[in-house]
Amino acid sequence: MTAFATALRGLTVAATALFAVAAAPAPAEARPDPHAPEGFVALRDVDPTILQEMRYVTPHNFVGERIDGYRQPLCILTEPAAKALHKAQRALLRKGYSLKVYDCYRPQRAVDHFVRWAEDLGDERMKAEFYPRVDKSRLFEDGYIAKKSGHSRGSTVDLTVVRLPAAPTRPYIPGEPLKPCYAPRGERFPDNSVDMGTGYDCFDTLSHTDDPRVTGKQRAHRDLLRNALTKTGFVNLPEEWWHFTYKPEMFPETYFDFPVSRRSLPR
């Protein structure tokens, strides 16, 4: 090979390498997390007396692990919903009770986590507590899991009532024996709330707010919660005694995906 041919071949190789570098895709950059728009607040800033037991930050939920998007045990809501809870709380405090929230705003990534879990029929680690009488293959059909949630719009809250002074609630220990969520109060997982007939997130028809099998003190407690919230603008979901949406919603058509964190809120 002549010196000219050798040089020409070297130039060709170098040009090919440069073209490959130029054509290669740029490394993916991590997208910053979205932030909440104006109108979202931390419930604690509106009413610090409302108790908070944010279940999806912990493994004590129907999935059995911390849920995507929950970075802090923080209740975030639209401001009108938070102010309406404050009004309901003032009325309940006069009667010797307090509200306790389990879940508030829920990012879309958390809903997506629920959907992935529901599609994995082999993962039933929490079945004995949260859905003992429901076949996991029916969770979508029976309406327990959906690809969108009103919680992601920011005006829906899951909550209960606690008699004051509030007793402490022991933490859940992963792997401990599970009891059905509809078992008598003394047998199911301890909660410092009043007896509502089932635990929170119980996938069972007994969770229907007006199920006729729920009577006596359990019925009175459900009515206490519903009446207090209805007076301040909340509407109950009939299938879940704990689920309420403030109306009119501030963002009725938008499903947000900012993480549950102080850093997500408007400065």
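The values are calculated or read from the model by the stated rules, or taken from the named source; none is laboratory data. All values derive from a computational prediction rather than experimental measurement. Using ideal geometry, Cβ is built from the backbone for each residue, glycine included, and neighbour counts are taken over all protein chains shown.
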Just name the residue that is surrounded by the most Cβ atoms within 10 Å (Cβ to Cβ) out of those in region 167-193 that are under 30 Å from PHE258 (Cβ atoms) and either of a type in the set (Ser, Thr, Tyr) or out of contact with any Pro (no Cβ under 8 Å at 6 or more places or on another chain) (or both).
SER193
Of all residues in region 246-267, how many are in contact with a helix residue (DSSP H, G or I) (Cβ under 9 Å, 6 or more places away or on another chain), among the hydroxyl-bearing types (Ser, Thr, Tyr) and crowded, with 20+ Cβ neighbours inside 10 Å?
1
Among (1) in contact with a strand residue (DSSP E or B) (Cβ under 9 Å, 6 or more places away or on another chain); (2) outside any loop (DSSP other than H, G, I, E, B), the one test that THR232 misses
(2)
Top-ranked residue in region 191-218 [being of a type in the set (Asp, Glu) and out of contact with any Gly (no Cβ under 8 Å at 6 or more places or on another chain); ranked as nearest to ASP103 (Cα to Cα)]
ASP201
Quick check on my filter: what residues within region 154-198 are touching a Phe, Trp or Tyr at 6+ places or on another chain (Cβ under 8 Å), part of a loop (DSSP other than H, G, I, E, B) and among the aliphatic types (A, V, I, L, M)?
LEU164, LEU178, VAL194, MET196
Evaluate the following for ASP201: is it without any contact (Cβ under 8 Å) to a residue 60 or more places away in the chain, buried (at least 16 other Cβ atoms within 10 Å of the Cβ) and part of a loop (DSSP other than H, G, I, E, B)?
no
Of the residues ARG188, ARG267, which single one is among the basic types (Lys, Arg) and modelled with pLDDT under 95?
ARG267
Among (1) outside any loop (DSSP other than H, G, I, E, B); (2) at pLDDT 95 or above, which single condition is VAL13 missing?
(2)
